[in-house]
1. For the structure I just gave you, tell me whether residue 386 is over 25 Å from residue 469 (Cα atoms), part of a loop (DSSP other than H, G, I, E, B), modelled with pLDDT of 95 or more and away from ligand 1 (no atom under 16 Å from the Cβ).
2. If we scan the stretch 330-348, do we find a residue that is touching a helix residue (DSSP H, G or I) at 6+ places or on another chain (Cβ under 8 Å), closer than 23 Å to residue 178 by Cβ and surrounded by fewer than 20 Cβ atoms within 10 Å (Cβ to Cβ)?
3. Suppose the filter is touching a strand residue (DSSP E or B) at 6+ places or on another chain (Cβ under 6 Å), closer than 27 Å to residue 72 by Cβ and within 16 Å of ligand 1 (Cβ to nearest atom); does residue 236 pass it?
4. Pull up the stretch 374-389, narrow it to residues that are over 16 Å from residue 211 (Cβ atoms) and without any contact (Cβ under 8 Å) to a residue 24 or more places away in the chain, then point me to the one that is farthest from ligand 2 (Cβ to nearest atom).
5. Of these, 58, 73, which one is closer than 28 Å to residue 323 by Cα, within 21 Å of the chain's Cα centre (by Cα) and more than 16 Å from ligand 2 (Cβ to nearest atom)?
6. Check residue 35 against each of (1) away from ligand 1 (no atom under 14 Å from the Cβ); (2) over 24 Å from residue 131 (Cβ atoms); (3) part of a loop (DSSP other than H, G, I, E, B) and name the one condition it does not meet.
7. Report the residue count in the stretch 167-193 for those that are in contact (Cβ under 8 Å) with a residue 40 or more places away in the chain and either in contact with a strand residue (DSSP E or B) (Cβ under 6 Å, 6 or more places away or on another chain) or buried (at least 16 other Cβ atoms within 10 Å of the Cβ) (or both).
8. Pick from 66, 61: which is buried (at least 20 other Cβ atoms within 10 Å of the Cβ) and under 26 Å from residue 146 (Cβ atoms)?
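The values are calculated or read from the model by the stated rules, or taken from the named source; none is laboratory data. Computed from a prediction, not measured in an experiment: that's the story for all the values here. A quick note on method: Cβ atoms are made from the backbone with ideal geometry, for glycine too, and the neighbour counts reach across all protein chains shown.
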Ligand code: ADP
Ligand code: ZN
């Protein structure tokens, strides 16, 4: 039996060399291709850069009929189209910007196409089912399949229509592809697309050459310039808004003298693509960008990816940092985070649809867990993706220089009480003054020197307040109000009642001693 199973793979390997010029399959590619050629529906979860497109493009050339590929972005489709055609694959797109519809439809019906790319909106139109009935079909490939799940980070309602469409062609196998799916999202994708649980193929997510580092953001220009001084190769800096992109690009160019260009959706399209092209061709450029940047670009020698603010989720973080070091050489992922980032993200939860709020909150909690951990970052990441990694990796900040951890439950209760007793409307600075007993004008004016929490924190303990406030904000026990105050939220009550403990990571020694020198 083994003999028969290997045969189609040998034929596939020959095609892999002939069409794509690759010596052999990488990682789980072989398993996915083997399943697809055997007509078995599959969900392939493979990290960015692992070579997902090949797993449907190659079978599409070998099987009779056309592989219909559902893909969410026109720009991405056209990138794929160009690449496929360059490899001699018969491919076409049916999008609003294509002028050659008639020709494409003729070729499709005649069975002359290997690949037909369509957007989910097109696939969910009633006429599309009829079109599919008129052509020989080889395979349904659903790219970015996490879009079908409300648990995913990028839900697209049109993806929900795909199940009905594919069910009308029960003999055509399905291949769903995604780079980012936690266990919950994976189960949902299988169900929503009608793929049996045994069809899940999970690639290893580890990127051992990437060093993960997370730091509190105190002076992003200085911190990023220091990174750029150590790392002279190409880098990407992600910033949360267009304005911050522009601002950081300017300041980093000034501070380092290195070539630095901005990239965001507000730039003129010609400038944007020129900047992208310049970056791809460069050996020392740094591009400062919003998350719009990076999808579909193939630059193997990116030496660092930095985040100047928190990413949206662990999935987003993994995907964005995954653009570093695709050539396998050492690369760095550096996240500069602030408590305010989490506070704002938690505030925005209020604007999210009720149905998606719990999922969004869980995603934020998971991200806070990654940022706050005193343990191995890689282990947290890989566990998030369902793997069972070793406790330490030797290539993240916490493994390389284990941080001090301290039980700060008592101090947390004092800080939360101070927020509560001052009316949940003052910021950290004020709470710190009250707790340390500062004879500050505003403290006296408000009568906060008469509160039971006045002056109950001193000496060494006072040093815990700042990191503690950040940690409590990251996990949602302290929530920033509209007017810049801190209110109780999430676990605050449980902590106050002594039902929950709070451990915090002490800032790295360097940062601590610098603070001491600065007298803060
Ligand atoms: P993904 O969609 O998973 O992010 P791509 O399909 O864009 O990844 O492939 C990433 C890169 O890896 C491409 O440059 C592709 O040519 C290359 N690649 C894919 N499969 C192989 C292979 N078996 N051997 C060598 N290179 C490969
Ligand atoms: Zn580690």
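1. No, not satisfied.
2. Among the residues of the stretch 330-348, not one is touching a helix residue (DSSP H, G or I) at 6+ places or on another chain (Cβ under 8 Å), closer than 23 Å to residue 178 by Cβ and surrounded by fewer than 20 Cβ atoms within 10 Å (Cβ to Cβ), which makes the answer no.
3. So residue 236 fits the description; yes.
4. Applying the filter and picking the extreme gives 388.
5. When all the criteria are applied, what remains is 73.
6. Failing condition for residue 35: (3).
7. Total meeting the criteria: 16.
8. Of 66, 61, the one residue that is buried (at least 20 other Cβ atoms within 10 Å of the Cβ) and under 26 Å from residue 146 (Cβ atoms) is 66.
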